[in-house]
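Participant: Okay, handing you the structure first.
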Amino acid sequence: MRNRTTLLVLISGLLFWSLANAQTSNKAVDAEGHQWWQHAVFYEIYPRSFEDSNNDGLGDLKGITSKLDYLKDLGVDAIWITPCFPSPQVDFGYDVSDYENIDPMYGTLADFDTMASEARKRNIRIILDFVVNHSSDQHKWFIDSKSSKTAKYRDWYVWRDGKAKGQPPNNWVSEFGGSAWKLDPKTGQYYYHFFYAEQPDLNWRNPAVKDAMFDVTRWWYKRGVAGFRLDAVDTLFEDPKLRDNPTVSGKNAYGDPLQERIYNTKLPEVHDALRGLRHVADETGAVLIGETWTKDISELKQYYGDHSDELQMPMDLMFTKLKFSAPVFREHIAAVDGAGGWPVYVVSNHDIVRSYDRYGDGQHNDQIARVMAALYLTLRGTPIMYYGEEIGMKTTPPTQKEDVKDPIGRTGWPKEKGRDGERTPMQWDESQNAGFSKTSPWLPVPPTYKTYNVADEAKDPNSVLSFYKKLLNLRHRNQALLDGTYTPLNDSDQNVLSYLRIYKDQVVLVALNMSGSPQKVNFELSHHGFSSVKNLLSTPKSSAKGDVVTLEPYGVFIAQLAK
């Protein structure tokens, strides 16, 4: 059978552990050279929507602190908090006006210190979202920069003359619609903004900007932060000649011509900046996670650096674009696993429709959610969860424009509805507002909170949450799932995705039915010397008998193999 060759290779020499694909730095977490982040499960928190401690309708840092026991019990090792710095909130915190403080809506620096201290007691690390490409137009640097052409901070941003009167320097289009240049009447020059006009791009070609941003990371490292998720790293540099981007057919949601952004994204200089940020991170053993939108594996591979000296954890965001299909995922996982770096798997975040809806078929969403959990939490690499993923939270977008909070949705409606749907309040229990707040939340709580919430699901052994807890517990205590190599099986199976995780003499089999019909797979285990198959975790009607694994529709079977 198709498995024979793979398993013969296994018997003849794959029963060992290899560090060949692991990223390492100066501080190992164990004697074999693993870094702490390679064993960690990361959990993204959108602070506005996690827990409201003072009942003003907005989540805050004290709210996060109050839920640390929940996160510890779930199996979370590090929390990534999206921007909580002072901000005018034009883009909900991704327009930073002070990199070294906490926005009052979320609390104070003292609240942050308390949260960090309480997290440390539970062995949970704090990761902050660092907006490296731009600041707010209310930041003191930009306020000075626009004051005159000779201002101290003038060259901290990208200022240029127009092509002619009333014409911007080139044809570059903002991510959020319209020209990427805004005229400042006082000085008669345009400044560049890849995103909103209220988010002017920093000039990373200026060494003073680079040094200042490096110092921001040092400031937070000293405060106990264990690393950063770097926002929009692709956009750090622009072509110094400001050449026009080629246009292609079609228009975006805002009516602008589509462009190939070859002159204002993914320039080679980006990697110089990442190496600098990594050098600073290595001073304390911190980790850098990258928001790396890439078109293929070769592009993703570049973000690790030629000498593993850039990002330890560039996100595989291509994973979020895949069709729910065993062959599709098999091909992609093999490519990522063989890319030479430590894989980082993401299925949802604050900018993406939740995986519960993206992969769900409307009838078997809970079952499919378990399949996806079993997939990204058993692969070789580090997973990043998104809050609410573990309870099967749905994406619930607004139905009318007047209810939209996200500026993207307000500008692009109805073609672009914005990201409110994936940012709704965490669903803690059946009480008013899902236990998030005693007052009306900043976004409506989805009606599904009555059946999908932490309190109810914690009592139900068959809930999505209970499955996540069992799976995360297994991941933390099984060495093969933490450190084992990845070996795909059944390379032509159209319905079942299966693979082995191998660490020394430990072998774990993972079989996932990605179809709506029952499946039976003969792995010929006894033929290759395996005498026992110990069920570690499975869905109710999935099991093994002899060499054959039986999987219910969208079934999961995870087992320890022994000779």
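Participant: Say we look at segment 117-140 and pick out the residues that are surrounded by fewer than 20 Cβ atoms within 10 Å (Cβ to Cβ) and not hydroxyl-bearing (Ser, Thr, Tyr); which of these is nearest to Asn55 (Cα to Cα)?
Facilitator: So, considering only residues that are surrounded by fewer than 20 Cβ atoms within 10 Å (Cβ to Cβ) and not hydroxyl-bearing (Ser, Thr, Tyr), the one nearest to Asn55 (Cα to Cα) is Glu118.
Participant: Now a separate question. Which of (1) outside any helix (DSSP H, G or I); (2) at pLDDT 95 or above does Gly255 not meet, given it meets every other one?
Facilitator: (2)
Participant: Just one of (1) among the acidic types (Asp, Glu); (2) at pLDDT 95 or above; (3) surrounded by fewer than 17 Cβ atoms within 10 Å (Cβ to Cβ) trips up Glu44, so point out which.
Facilitator: Failing condition for Glu44: (3).
Participant: Checking Leu300 against (1) in contact with a Gly (Cβ under 9 Å, 6 or more places away or on another chain); (2) over 21 Å from Lys222 (Cα atoms); (3) assigned to a loop (DSSP other than H, G, I, E, B), which test does it fail?
Facilitator: Condition (3) is where Leu300 drops out.
Participant: Check Ser498 against each of (1) outside any loop (DSSP other than H, G, I, E, B); (2) of a type in the set (Ser, Thr, Tyr); (3) loosely packed, with under 15 Cβ neighbours inside 10 Å and name the one condition it does not meet.
Facilitator: So Ser498 meets the others, but not (3).
Participant: Which strands (runs of 3 or more DSSP E) does segment 115-195 wholly contain that include 3 or more residues that are more than 30 Å from Thr65 (Cβ to Cβ)? Before you say what the answer is, go through the steps one by one.
Facilitator: Values: elements: 125-131, 181-184, 189-192.
Because the criterion is at least 3 residues that are more than 30 Å from Thr65 (Cβ to Cβ), the strands (runs of 3 or more DSSP E) in segment 115-195 that meet it are 181-184, 189-192.
Participant: From the list Asp111, Asp129, Asp144, Asp137, pick out the single residue that is modelled with pLDDT of 95 or more and within 24 Å of the chain's Cα centre (by Cα).
Facilitator: The unique qualifying residue is Asp129.
Participant: So in segment 281-297, with the set limited to residues that are surrounded by fewer than 22 Cβ atoms within 10 Å (Cβ to Cβ) and more than 18 Å from Arg261 (Cβ to Cβ), which one is farthest from the chain's Cα centre (by Cα)?
Facilitator: Here the answer is Glu283.
Participant: Ser532: farther than 25 Å from Asp337 by Cα and of a type in the set (S, T, N, Q), yes or no?
Facilitator: Here the answer is yes, as Ser532 does meet what is asked.
Participant: Out of segment 158-176, which residues are closer than 11 Å to Tyr190 by Cβ and crowded, with 17+ Cβ neighbours inside 10 Å?
Facilitator: Correct list: Val158, Trp159, Pro168, Pro169, Asn170, Trp172.
Participant: Considering segment 386-401 alone, what residues qualify as being among the β-branched types (Val, Ile, Thr) and either surrounded by fewer than 21 Cβ atoms within 10 Å (Cβ to Cβ) or touching a Gly at 6+ places or on another chain (Cβ under 9 Å) (or both)? Full working, then the answer.
Facilitator: Taking segment 386-401 first, the residues among the β-branched types (Val, Ile, Thr) are 391, 395-396, 399.
Within segment 386-401, Thr395, Thr396, Thr399 qualify.
Conditions tested, residue by residue: (1) among the charged types (D, E, K, R); (2) assigned to a loop (DSSP other than H, G, I, E, B); (3) crowded, with 21+ Cβ neighbours inside 10 Å.
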{"position": "Trp342", "(1), (2), (3)": "no, yes, yes"}
{"position": "Ser348", "(1), (2), (3)": "no, yes, yes"}
{"position": "Asp351", "(1), (2), (3)": "yes, yes, no"}
{"position": "Tyr356", "(1), (2), (3)": "no, no, yes"}
{"position": "Gly362", "(1), (2), (3)": "no, yes, no"}
{"position": "Asp366", "(1), (2), (3)": "yes, no, no"}
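Participant: Another one. Can you name the residue in segment 233-252 that is crowded, with 17+ Cβ neighbours inside 10 Å and outside any helix (DSSP H, G or I) and, of all such residues, is modelled with the lowest pLDDT?
Facilitator: In this case the residue turns out to be Asn252.
Let's see how each residue does on (1) on the phi > 0 side of the Ramachandran plot; (2) in contact (Cβ under 8 Å) with a residue 60 or more places away in the chain; (3) basic (Lys, Arg):
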site: Asp403; (1), (2), (3): no, no, no
site: Arg419; (1), (2), (3): no, yes, yes
site: Gln432; (1), (2), (3): no, no, no
site: Thr448; (1), (2), (3): no, no, no
site: Glu457; (1), (2), (3): no, yes, no
site: Asp460; (1), (2), (3): no, no, no
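Participant: Run down Leu465, Leu474 and say which single residue is assigned to a helix (DSSP H, G or I), among the aliphatic types (A, V, I, L, M) and in contact with an Asp or Glu (Cβ under 8 Å, 6 or more places away or on another chain).
Facilitator: Leu465
Participant: List pairs: first residue in segment 358-383 and in contact (Cβ under 8 Å) with a residue 24 or more places away in the chain and within 12 Å of Ser515 (Cα to Cα), second residue part of a loop (DSSP other than H, G, I, E, B) and among the acidic types (Asp, Glu) anywhere in the structure, Cβ distance under 7 angstrom, at least six positions apart or on different chains.
Facilitator: Every condition considered, the pairs that remain are Ile368/Asp361.
Participant: Would you tally the residues in segment 415-445 being under 21 Å from the mean Cα position of the chain (by Cα), of a type in the set (Gly, Ala, Ser) and part of a loop (DSSP other than H, G, I, E, B)?
Facilitator: Selection size over segment 415-445: 1.
The values are calculated or read from the model by the stated rules, or taken from the named source; none is laboratory data. Predicted, not measured: the structure shown is a model, and the values here were computed from it. So basically every Cβ, Gly included, is an ideal-geometry build from the backbone, and we count neighbours across all protein chains shown.
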